[in-house]
Amino acid sequence: MEKLPFERPTIQKISAGIPSKHGISRKLEPLSHIDGLSIKSLIDDYGSPLFILSESSIRKTYKEAYRAFSSRYPNVQFAWSYKTNYLNAVCNVFHQEGAWAEVVSGFEYDKAAANGVSGESIIFNGPDKSKEDLRKAIQNSSLIHIDHFDELYEIIHLSREVEERPKVAIRINMDVGVYPKWDRFGFNFENGEAWDALNRIKASKNLDLIGLHTHIGTYMMTTEAYKIAASKLAQLAVSLEKKHGHVIQYIDMGGGFASKNTLRGAYYPGTDTTPSFDDFAEAITSALMSSEIKPDHLPMLILETGRALIDDAGYLAGTVLANKRLSDGRRATIIDTGVNLLFTAFWYEHDIRPIEPISDQMEDTTIYGPLCMNIDVIRGNVMFPLLKKGDHYVVRRVGAYNTTQWMQFINLRPQIVMLDMKGKAHLVRKGETLDTINSQEITPEHLQNFNL
Amino acid sequence: MPNTMPKIRKNIAISESGFVFDPLSGESYSLNPLGLEIIHLIKNGQTYEELSEVLLAKYEVDQETLDRYFYDFIATLKQFNLLEVETDA
Amino acid sequence: MPKLTIALSGLNNIDSPGPGIPVIRGIRDSKILNARIIGLAYENLEPGAYMHDLVDKSYKVPYPSDGVEPLLERLKYIHEKEQIDVLIPNFDSELFTFMKSEKTLREIGITTFLPTVNQFEERHKSNLPEYGKKYGVNVPYSEPISSVQDFLQHKEKFEFPVVVKGKFYDAYMAYDLDQLGMYFNKIASKWGLPIVIQQFVKGTEVNVVALGDGNGNTIGAVPMRKTYITDKGKAWGGITLEDPSMLDLTNNIISQTHWRGGMELELIRTAKNELYLIEINPRLPAWVYLAVAAGQNLPEALVRLALGEEVRPFHGYATGKMFIRYSYDMIADLDEFEKLSTKGEL
């Protein structure tokens, strides 16, 4: 006789009066394959935990975003936000699709240049640009987005030393009716600071003012704010043309589009509430098209969205280390991924699920990482099937920020593979070894030996 | 392996659907099918050897795994005060 | 009329009741509708599920916070067994999910009569100031905050006491910063962010229950004053009012927004006789049966609108009609609790 599949025996308290978080129990569908490749085989081949990126998902999402904007606006350009994920393989997929590079440090600038992005296709943002960074950016005709007056004066100063004319835009912050208001980057719109900065650039004669830039926030769940922001930038463009007869070449709306992850504290899941690219595109393009900018002077529209383009393409697969019961009887499952690798666990209710059908039985579980730290929680209070030691899990939507913000802490950072368009796996970043760490260290002569 | 099997408290009501009612505390619980099966085997006075023989024959499971989850299950029953309190003889 | 199957939620007829049971009573009172009532319950102890004279069969459903997919899956299962004609969600927290699923539900033969996402979004508590400006309605000053720190930035714009409000439910008066912080945490842990801080407007609380047909017409509207309020801020009793200014305000909002579905306006009438709009609830309220008793069977009209029938607006209602809310200890069998909690059906 065929034996029946084994399922752990369980008993659960039925909540009577107190509303529990969960109504009828629902099944958590396992995710066994990515682009046709079994996650189990990837873990067997490359180790656990393992970051897995899907090239086809990146390209599909990019095309979707590009279509949403380009079908509504005549001149659209994306620039890949390096800080969101600067693995060269990832950047180059975006560059192949036609995206420029958007960088916020000298390091990122050099990384983009080393990838082969030409200077005039690099947008240099952020408050941290050294004099040498700026000089290099000017010489390479990169697009410098000025963050503050000190930087503006530095560029004016450099423009007397360097042969090439600096190509500049300013970053503008503004009230778009959202919380928190981002007013620490760029020049303020409402108090006239931005207009002042534009006039000083025009007065300097040596600088080419080519664009206007804003970046209104992060994880925006409302499109209305973009509409307001685009209208305000359009107003400035119109004023520039009126006063100086100057037509700007582009308006850069930055990024900040939310991905489909669920924020901690949100009531509805992100898959239900996150606006689509079409929603964002409609808000931004309708504001520009209906502005007073003359139709034949409509500037190029640049978008630097990072998270919404890459989050879905990233997966983190790994292994259950142990199960235990907490003092109140709740289940705790310990996995081999902690907040050192999954930084976004601090603000998302990550979608974590088993990779094979294990059990219909769900239990209120807290999922802990392997670090010896109390804050190492991947999911608190989630209805989760009863995984055994050695079973595998996969976390979805981890493509943004994790492989740039991860820490080498207590453990080494694992391998990253990318599945190509045919579903073939390529190692795109090797797992760290003891050598990776030790090769950076220098132990003084007198500390090299000891006797225990 | 235990010499004595745990005993389910006598006044605990257990229905065929796996619904458990404890009249002492007023709490209700829900058992999954294997939980219910194990409770029945315990109530029938089976030893752990007999119980595991039945389950090993019926399910895709090894002795070590069964041991582990059996004790986790019993610990939970104990936590919910559904077992007879053992008296030190 | 052929027998209809109507599914409803909001069966939590407890001390601060959901609107499910009062809506069902309206449908049961109807001389036009002949309905089998399916209850949709989130909790094992929702009283409506055990009230078999009002609810024919109940099913447990997953929480809207689990997302659209699991809810739709469950509804499809229920629909297969029951052939639901009309579905009336009665919780604010469900509406977004049901609005999102409206088309899918229609495709499988379930009709609803809900506000549009736009109507629903713009009346959110956090958007009330813009709403007031847009439609020419007095509203108290308010700010959405995502931390107590946020509030400190706006401190000078407020005077204590202020009202601390959750996204969907719950509102508490805070007399100082400590209380504000306490209520902030309490509400945020349950309903998420943002929390809305609203200037307290002194006056009498009055309410309107209304039904818009989606084309700008008010099908019915009945104003009421709460005669006594429980310590939870819920009506203990209420009385219908003859107040043309409240009806004008209601008609004004419905005609401008083309509101579709049931709604409740929460208003404050100040000593100077000005009306302030405090909140718009995007569904029929728990006291809707008072409107039925006063001559406007709004639940019946809502079902008929959902079925695509032409419904003529109500004219008039009895003023001075009262309701007094009472509680009643229903006796239930353990096996019924067992059925609902383990099988999810009763």
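The values are calculated or read from the model by the stated rules, or taken from the named source; none is laboratory data. Remember, predicted model here, so these are calculated numbers, not experimental data. Virtual Cβ from ideal backbone geometry, glycine too; neighbours counted across all protein chains shown. These accessible areas exclude ligands, DNA and RNA; they are computed on the full protein's heavy atoms, side chains included. Shrake-Rupley method; radii C 1.70, N 1.55, O 1.52, S 1.80 Å.
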Spin-label pair A:ARG184/B:GLU50, simplified geometry with 7 Å Cα→Cβ offset, distance in nm: 7.0
For A:263-274, mean number of other protein chain Cβ atoms within 10 Å: 5
Unit Cα scatterers, Debye sum, the protein assembly as shown: log10 I(q)/I(0) for q = 0.07, 0.10 Å⁻¹: -0.70, -1.27
Heavy-atom accessible area order for A:THR436, A:THR403, largest first, 1.4 Å probe: A:THR436, A:THR403
For A:LYS111, net neighbour charge (Lys/Arg +1, Asp/Glu -1) across residues whose Cβ lies under 14 Å away: -1
About the Cα centre, charge dipole magnitude for the protein assembly as shown (Lys/Arg +1, Asp/Glu -1 at Cβ), debye: 1480
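What number comes out for the charge environment of A:LEU212, summing +1 per Lys or Arg and -1 per Asp or Glu over other residues with Cβ under 10 Å away?
On the way: positive: A:ARG171, A:LYS232; negative: A:ASP252.
Once positives and negatives cancel, what remains is +1.
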Mean-position separation - Cα centroids, the stretch A:46-121 and the stretch C:150-226, in angstrom: 44
10 Å Cβ neighbours from other chains, averaged over peptide B:28-41: 5
Trypsin sites (Lys or Arg not before Pro) lying in DSSP loop within the stretch B:2-36, provided at most 12 other Cβ fall within 10 Å: B:LYS10
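Can you give the FRET efficiency for A:ILE437 and C:ILE32, using 1/(1 + (r/R0)^6), R0 = 56 Å, r = Cβ-Cβ distance, to the nearest 0.05?
On the way: r = 78 Å, r/R0 = 1.39.
Computed FRET efficiency for A:ILE437 and C:ILE32: 0.10.
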Sequence-distant residues sharing a close amide H with A:GLN415 (under 5 Å, placed H): A:PHE51, A:GLY431
Extended-chain gain in nm, criterion 0.36 nm per residue less alpha-carbon gap, C:ASP231 and C:GLU82: 49.7 nm
In Å, descending, principal axis extents of the Cα set of the stretch B:33-82: 30, 22, 19
Alpha-carbon Rg with Dmax, taken over the stretch A:81-148, Å: 11.0, 33
Cα pair distances exceeding 17 angstrom across the stretch A:149-244, given as percent: 51
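Determine by what factor the alpha-carbon radius of gyration of the stretch A:1-149 differs from 2.2 N^0.38 Å, reporting the quotient.
Working: Rg = 24.0 Å, N = 149, 2.2 N^0.38 = 14.7 Å.
Against the compact-globule rule of thumb, the ratio is 1.63.
Which whole-number percentage describes the relative contact order of chain C, with Cα contacts under 8 Å and a sequence gap of 6 or more? It would help to have the intermediate numbers written out before the result.
Details: 690 pairs, mean separation 62.8, N = 346.
About 18 percent, as a whole number.
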Phi-based couplings in Hz for the stretch A:199-208 (Karplus 6.51, -1.76, 1.60; Gly and Pro marked x): 5, 5, 4, 4, 6, 6, 6, 8, 9, 9
Dimensionless Rg/Rh of chain C - Kirkwood Rh, Rg from C-alpha atoms: 0.96
Sequence-distant residues sharing a close amide H with A:ASN188 (under 5 Å, placed H): A:ASN173, A:GLU193, A:ALA194
Overall form of the stretch C:140-228 per C-alpha gyration tensor (a/c, 1.5; a/b vs b/c): prolate
C:GLU279 long-range amide H proximity, modeled H, under 5 Å: C:GLU266
Peptide B:67-74 - average C-beta neighbours from other chains (10 Å radius): 3
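Can you order the peptides C:151-162, C:45-56, C:83-94, A:68-79 by their average number of other Cβ atoms within 10 Å per residue, highest first? Show your work: numbers first, answer last.
On the way: C:151-162: 14.7, C:45-56: 19.7, C:83-94: 21.7, A:68-79: 18.1.
In descending order of packing, they fall as C:83-94, C:45-56, A:68-79, C:151-162.
Return the subset of A:LYS227/C:LYS125; A:LYS3/C:LYS76; A:LYS181/A:LYS242; C:LYS133/C:LYS272; A:LYS63/C:LYS76; A:LYS63/A:LYS167 for which the Cα-Cα distance in this structure is over 27 Å, preserving the input order.
Values: A:LYS227/C:LYS125 21 Å; A:LYS3/C:LYS76 33 Å; A:LYS181/A:LYS242 29 Å; C:LYS133/C:LYS272 21 Å; A:LYS63/C:LYS76 34 Å; A:LYS63/A:LYS167 29 Å.
Long pairs (Cα-Cα over 27 Å): A:LYS3/C:LYS76; A:LYS181/A:LYS242; A:LYS63/C:LYS76; A:LYS63/A:LYS167.
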Size of chain B as Cα extents on the principal axes (Å, biggest first): 36, 36, 20
Calculated on alpha-carbon atoms, Rg and Dmax of the stretch C:260-315 in Å: 13.7, 43
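How large is Rg/Rh for chain A, to two decimals, with Cα atoms and a Kirkwood Rh?
On the way: Rg = 25.1 Å, Rh = 24.3 Å.
With Rg and the Kirkwood Rh in hand, the quotient comes to 1.03.
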Alpha-carbon centroids, the stretch A:386-400 and the stretch C:284-346: separation in whole Å: 45
Most fluctuating residue given options C:TYR326, C:TYR169, C:TYR317, as computed from a GNM of chain C linking Cα atoms under 10 Å: C:TYR326
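Sort C:194-203, B:68-77, A:297-306 for me by packing, meaning the mean count of neighbouring Cβ atoms within 10 Å per residue, highest on top. Can you show the working numbers first?
Values: C:194-203: 19.6, B:68-77: 17.7, A:297-306: 22.0.
So the peptides C:194-203, B:68-77, A:297-306, ranked by packing, come out A:297-306, C:194-203, B:68-77.
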